[in-house]
Amino acid sequence: MASTLEKFIHSLDPRALPRVLQIQSGIYFQGSIYEMAGNECCLSTGEVIQVIGFKIKKLIASICESNEGSQTSAKVELPLNFPGLYKVVADKTPYGSIEDITRKVSIGPTRFGHPCFYSPEDIQLANLTIKHGEQITFNSVEEVDGMLAVSCGVVRGNQAHSFTLPLSQEGKFYECEDDQIYTLKEIAEWKIPKCRNRIVKLSHTLQVWDSSNPLPQDFDGCLLLTPVYEVQAVMRSRKDIVHILSDLDVEVKDITDCYDIRSFLQPLSLEDVFERTSKEFPMVAEIMAGPAGSQSPNNLLYTGKEIILYKKYQAARVLASEIRSDSPKRHFLIPMSYKGKFKRRPREFPTAYDLEIARSEKEQLHVVATKAFESPHKELFSVSVGDQFLVQQCQTSEVLDEGRKKLVDVLACEQILSAGYKRVLLPMYLEGGFVEVIHDKKQYQLAEICREFPLPFNVKVSIRDLSVEEDVLAALPGLQLEEEITDSYLLVSSAHSPVESWEVPVYRSNMLVHLLSRDTQAVVPPGTRTTVEEIREEQYYMVRRYENQSLRPPPRPPKKPTVTPKALMALPEQGQSDGLQVPKNVYIETTKQWCSAPAADVSGLQVSCLNDLAHHENKKDTSRKAALAESRVAEVCPFGGWEHVDIKKLDDKRANPNSLCKLI
């Protein structure tokens, strides 16, 4: 049965691709124009096309009186990069089954692809009952015992429960309210269900209104969004991928079941190629749709180019992120063959628990407190800004809590004083702030760092990679090496002039090829070029999904159980995350500048000045003491001085700590 192209695409399940369509009623333009703005605009009656994919190209928006969808304005066209941040209004129409949800809602590995639903009725599982109204998070679609199911989770209190729901599970499932904000592009990619429109509310505008803005001035209401898809298709008469907008005025008929699909060129994604057996390599292919921009090494992979695919394999990379206080951060995948060298940079630790995770047998961790903390137990140490510690080990200690003795986890440290060392115990839940003091001046290769130190690890490029024309890492003020990963690659070279080969990432290269029948003579690949790959934020979260879970630290301990009035100044304000954000004050902001600036040479600076600031004040006036210490430490103690203390003096417990002053 014939239908409009728009109706067909809106109801098409991506898992059913590819589909063969016959044009029942074509559309024509006068003259010789065949395509317009990169999209096909002429399709003749009787023509046959093979649809291989589709994505949202733009959005048609109408202003709503309320979040119920009443339209009060003419339709306007919004590009996906239209500025602004939006909240998604929950859909009031229920879904009839889990399969209905999976067919219409995007479920994927990133934080955008975890939609939440609730059922008005209890759902009884084998070992768990999902209560009515309880928020169910859909994480992924998986195969369980040969059948497709959705991996789900609910959170009760502080405990997460995981379970699966089969696609055959029926009932009413309503979308939960979403308090996150999104760009239009994020909404288009993840938050518009198939066969449904989406209502969004403008949360924050990102530009000053002008006459070119299709929305009214000072608009802060709701928009009804209707997607227009770009259809990717293959035509019998052409070797490239054609793009057709779904709102093109043509009627189509699905003839997949009665048509020989092999008469079309068969486009293969790099994932399809990677699934082939190793015995089928090497193979020759022609690129039907090349990767965009920086995804292509030296822009040598373009549509129409013939390439040789030598082999498939797994390769190690180090996931790294730019160190900066604001966002967005840049993310990179660094190959082990990177020839640059790194110097260490100070790490910041929001809690004592983070100090325990970072503790290493290779060297003693030396830190400076950047935030005050008053312990609720007299057996444990109260921290002042500027206190310096050598971290030793985690242990348990007995404290008196409301008249009862109990054991708590503590971190044993040595406080560095002007006249020696003092053994102290820090509560593991201490929410303070610490900055590492670096004594190591050595320059490291990437492989050395991964072998000798636990990740994450802060570094800066000290010697750039001279084997490449431009080293993107060398210009960064700091870099955090987060974790080692293993990723999938294809080794590729030009078919006509195989001077060098490149590693092409399988899951991050949006490239389509079709295989050529001729054999390749070049069995041995030429020299391989590996490069640092900069990845987008959504790709960054995709990569982290495959990390080794056993290497991740256990959950951070709970917050400090009781808060005394004196300790209020040292705790995060209400609404801040659990120790994940460093407080914004003079000392911290100055410290960030120190971390990114060259080391300063400050002669005659006494290490004991830090402790004098903290301990020579009246203990009863805690607030004044912390504020004064923060101000004076930021004024007289540039961070560069702390980086160059002689570690040998610290290791020798018999040495006078005052001798450190000569080295700062």
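Shown here are the Rg and Dmax of the Cα trace of the stretch 223-283, at 16.5, 54 Å. Using alpha-carbon pairs under 8 Å, 6+ residues apart, how would you state the relative contact order of the stretch 340-494 in percent? Averaging sequence separation for qualifying contacts and normalising by length gives 31 percent for the stretch 340-494. Simple rule: put +1 on each Lys or Arg Cβ and -1 on each Asp or Glu Cβ in the stretch 317-360, find the dipole, and look at L319, P350, Y338; the Cα lying farthest toward the positive end is Y338. With the simple model of a label 7 Å out from the Cα in the direction of the Cβ, A2 to N510 spans 3.3 nm.
Taking amide H atoms as placed 1.01 Å from N in the peptide plane, the amide H of R529 lies under 5 Å from those of S501, W502, E503, each 5 or more residues away in sequence or on another chain. When the C-alpha to C-alpha distance is required to be over 18 Å, the pairs from K58/K194; K75/K201; K57/K329 that qualify are K57/K329. Stokes-Einstein diffusion of the stretch 306-370 at 25 °C, 0.890 mPa s viscosity, Kirkwood radius from Cα pairs, rounded to a whole number: 153 µm²/s. Loop-located GluC sites (Glu not before Pro) in the stretch 402-469 (DSSP state not H, G, I, E or B) with no more than 14 neighbouring Cβ atoms inside 10 Å: E402, E469. As a fraction of the 1.4 Å probe accessible area of the stretch 130-266, surface on carbon and sulfur atoms comes out at 47 percent. Computed from backbone phi with θ = phi - 60° and the Karplus coefficients 6.51, -1.76 and 1.60, the 3J(HN,Hα) list for the stretch 158-174 is 10, 10, 9, 10, 9, 6, 10, 10, x, 4, 7, 5, 9, x, 9, 10, 9 Hz; x is used for glycine and proline. Rg/Rh for the stretch 382-475 stands at 1.15; both radii use Cα atoms, and Rh follows the Kirkwood definition. If you take all other residues with their beta carbon under 10 Å from the beta carbon of Y86, and give Lys and Arg +1 and Asp and Glu -1, the sum is +3. The 1.4 Å probe gives accessible areas that order K378, K422, largest first, as K378, K422. Residues K460, K92 ordered from highest to lowest accessible area at a 1.4 Å probe: K92, K460. The eigenvalues of the Cα gyration tensor, multiplied by 5 and square-rooted, give the stretch 441-540 an equivalent ellipsoid with semi-axes of 32, 17, 13 Å from largest to smallest. Note on L17 and S140: their simple-model spin labels are 2.1 nm apart, each label 7 Å out from Cα toward Cβ. Per residue, the solvent-accessible area of the stretch 392-435 (1.4 Å probe, heavy atoms of protein chains only, all protein chains present) comes to 48 Å². Along the charge dipole of the stretch 123-177, Cβ charges K/R +1 and D/E -1, which of S168, A149, T129 sits furthest on the positive end? Checked the options; the winner is T129. A Förster distance of 22 Å, applied to the separation of the beta-carbon atoms of N197 and R111, puts the FRET efficiency at 0.40.
Of the whole protein surface, H514 contributes about 10 Å² of accessible area at a 1.4 Å probe radius.
Residues Y338, Y421 ordered from highest to lowest accessible area at a 1.4 Å probe: Y421, Y338. The calculated pair-distance distribution of the stretch 264-376 uses every alpha carbon pair, bins of 10 angstrom beginning at 0, and gives 9, 24, 26, 14, 16, 9, 3, 0 percent. Charge tally for T164 (other residues, Cβ to Cβ under 13 Å; Lys, Arg +1; Asp, Glu -1): -3. In this rough spin-label picture, where each label sits 7 Å from Cα along the Cβ direction, the D326-K131 distance is 4.5 nm. Using a cut-off of 18 Å between Cα atoms, the listed pairs K7/K185; K55/K191; K7/K253; K343/K441; K343/K371; K279/K311 include K7/K185; K343/K371 as exceeding that distance.
May I ask for the net charge around G304, where only other residues with Cβ less than 9 Å from the Cβ of G304 are counted and Lys, Arg are +1 while Asp, Glu are -1? Charge balance in the 9 Å sphere: -1.
The values are calculated or read from the model by the stated rules, or taken from the named source; none is laboratory data. Since we're looking at a predicted model, the values are computed, not measured. Ideal geometry is used to build each Cβ from the backbone, glycine not excepted, and the neighbour counts take in all protein chains shown. Calculation scope for accessible area: heavy atoms of the full protein, side chains included, ligands and nucleic acids excluded. Shrake-Rupley method; radii C 1.70, N 1.55, O 1.52, S 1.80 Å.
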